[in-house]
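Have a look at the structure below, then the notes.
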Amino acid sequence: GWDPHTSVTAYSVFGEDFPGMIGFQTTTVTVVNAAAGTVRIASKDYSAGPVYFGVRYETRYRLSTISLREKDSNGGSKAITDGRLQLRNIFINFGNTAYLGVEVTSVGRSTYTYTYLPNTLGQSLTVGQVQLASGRFRVPIQAKNDQVTIDIVSESHFPCAILSIDWEGEYTARSQRT
């Protein structure tokens with residue numbers, strides 16, 4: 001908690017320590033002993049709200065091939081592969097997220113990166129304060145379903161929660177099924 005005599009807010013850290021970070025210091029954060037679970041933030045009382053700190057790392061989730069599916073005779077489902085599925089967009093539904101990136105790589109094309117950063121209309125943004133948002137992020141795909149790679153990437157220690165993914169596209173059957 002906040003100690004007004006020393007102008008330090010101390011936190012206990014649970015779980016893994018910060019490898020190689022003992023003694024790490026910026027103007028406001030000092031990792032005193034991460035193995036013992038101590039981080040100190042100086043010069044301001046941060047005890048009233050959430051504080052996020054950590055080591056920057058990359059989280060990457062690659063979507064499996066998106067396909068149109070139908071029920072099979074066993075009660076399960078199977079992919080319909082005898083036609084063409086042209087993906088138009090995907091919609092990523094997320095909650096309490098500070099940053100989200102999507103990399104779309106189509107065969108024979110360069111990778112396009114789409115970035116979501118919270119910016120709530122009418123909400124004031126404060127430098128140094130993390131904005132978390134929940135919502136739906138539309139990403140254009142414009143490729144055949146089996147000729148595209150879609151990666152969801154977060155390069156931050158801030159929260160990123162993917163709730164579900166929807167897609168829209170156009171399916172053209174090559175033949176009629178009997």
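The values are calculated or read from the model by the stated rules, or taken from the named source; none is laboratory data. Quick caveat, the model's predicted, so the values are computed rather than measured. We place every Cβ from the backbone using ideal geometry, glycine too, and count neighbours over all the protein chains shown. Protein only, heavy atoms only, side chains kept; ligands, DNA and RNA dropped before computing areas. Shrake-Rupley method; radii C 1.70, N 1.55, O 1.52, S 1.80 Å.
Tally the residues that are open to solvent by 60 Å² or more (accessible area, probe 1.4 Å) and aliphatic (A, V, I, L, M), restricting the search to segment 69-114.
Number satisfying all stated conditions: 1.
Which ones in segment 54-67 are in contact (Cβ under 8 Å) with a residue 60 or more places away in the chain and open to solvent by 60 Å² or more (accessible area, probe 1.4 Å)?
Of everything in segment 54-67, those that are in contact (Cβ under 8 Å) with a residue 60 or more places away in the chain and open to solvent by 60 Å² or more (accessible area, probe 1.4 Å) turn out to be 55, 56, 57, 58, 59, 60, 61, 62, 65.
Condition check ((1) outside any strand (DSSP E or B); (2) within 23 Å of the chain's Cα centre (by Cα); (3) among the acidic types (Asp, Glu)) across all residues:
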residue: 70; (1), (2), (3): no, no, yes
residue: 74; (1), (2), (3): yes, no, no
residue: 78; (1), (2), (3): no, no, no
residue: 88; (1), (2), (3): no, yes, no
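Restricting the first residue to segment 166-178 and requiring it to be farther than 11 Å from residue 81 by Cα, which pairs with a second residue that is at pLDDT 95 or above and assigned to a loop (DSSP other than H, G, I, E, B) meet a Cβ separation below 6 Å and a spacing of at least six or different chains?
As it stands, the answer is 167/66, since those pairs meet every condition given.
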